[in-house]
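Shown next, in structure tokens, is the structure this report addresses.
The values are calculated or read from the model by the stated rules, or taken from the named source; none is laboratory data. Values in this document were obtained by computation on a predicted structure and should not be read as measured data. Please note: Cβ atoms are built from the backbone with ideal geometry, for glycine as well, and neighbour counts cover all protein chains shown. Surface areas here come from the heavy atoms of the whole protein model, side chains and all, with no ligands, DNA or RNA. Shrake-Rupley method; radii C 1.70, N 1.55, O 1.52, S 1.80 Å.
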Amino acid sequence: MAKFFSDEETKGLVPELVEKLDRARELCGFPFVITSGFRTPEENERIGGAKESSHLKGMAADIRRPLDVDLVFRMCWAAGLAGFRRIEICDRHIHLDVDAEKTQDIMWFGKSR
């Protein structure tokens with residue numbers, strides 16, 4: 001059970017992801033809003049998600065990006081300390097995942113769909 005997230009928000013997410021999200025949220029000291037967690041193939045296709053999206057395996061979550069750039073940096077710092085090794089910074093969200101089958105120790109810029 002997550003400390004900072006409801007069962008509905010974490011439905012379908014792997015325990016490792018939820019634990020890291022909780023730790024990052026705790027380090028930040030401000031709320032995280034999950035805008036996309038586990039996705040069915042139909043949901044993923046509807047929003048134009050990547051074919052091999054980690055969301056399909058419950059290994060990724062998109063968190064609403066704060067408007068204040070200092071808070072964006074704080075969120076990424078906290079995610080790194082919490083053990084996330086894959087962080088994508090988009091215009092409206094921060095993508096965090098624990099998919100070990102993908103390139104590790106990477107942070108990149110993307111675009112919200």
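Tabulated data for the structure shown
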{"quantity": "Phi to ³J(HN,Hα) by Karplus 6.51 cos²θ - 1.76 cosθ + 1.60 over the stretch 99-113, Hz, x for Gly, Pro", "calculated": "7, 5, 7, 10, 3, 9, 6, 9, 10, 9, 9, x, 10, 5, 8"}
{"quantity": "Sum of -39500 (n - 2.57) over DSSP H runs of 4+, divided by residues of the chain (222 nm, nearest 500)", "calculated": "-9500 deg cm²/dmol"}
{"quantity": "Binned Cα-Cα distance frequencies in the chain - 10 Å width, integer %", "calculated": "15, 52, 31, 2"}
{"quantity": "Contact order relative to length of the stretch 7-113, as percent, for alpha carbon pairs under 8 angstrom and 6 or more apart", "calculated": "27 percent"}
{"quantity": "Extension gain from residue 42 to residue 112, taking 0.36 nm per residue of separation minus the Cα-Cα distance", "calculated": "23.4 nm"}
{"quantity": "Cross-link pairs 3/57; 51/102; 20/51; 11/57; 20/111; 20/57 - those with Cα-Cα distance over 20 Å", "calculated": "3/57; 20/51; 20/111"}
{"quantity": "Efficiency of FRET from Cβ geometry, residue 100 and residue 72, R₀ 22 Å, rounded to 0.05", "calculated": "0.30"}
{"quantity": "Candidate residues 65, 85, 113: accessible-area rank, largest first, probe 1.4 Å", "calculated": "113, 85, 65"}
{"quantity": "Distance (nanometres) between label positions extended 7 Å along Cα→Cβ at residue 16 and residue 3", "calculated": "2.1 nm"}
{"quantity": "Solvent-accessible area per residue for the chain (1.4 angstrom probe, square angstrom)", "calculated": "59 Å²"}
{"quantity": "Long-range amide H partners of residue 90 with built H, under 5 Å", "calculated": "95, 110"}
{"quantity": "Separation of alpha-carbon centers, the stretch 18-41 and the stretch 61-113, rounded to whole Å", "calculated": "10 Å"}
{"quantity": "Fraction of accessible area attributable to carbon and sulfur, the chain (%, probe 1.4 Å)", "calculated": "54 percent"}
{"quantity": "Estimated dipole of the chain in Debye, rounded to 20 [Cβ of Lys and Arg +1, of Asp and Glu -1, Cα centre]", "calculated": "180 debye"}
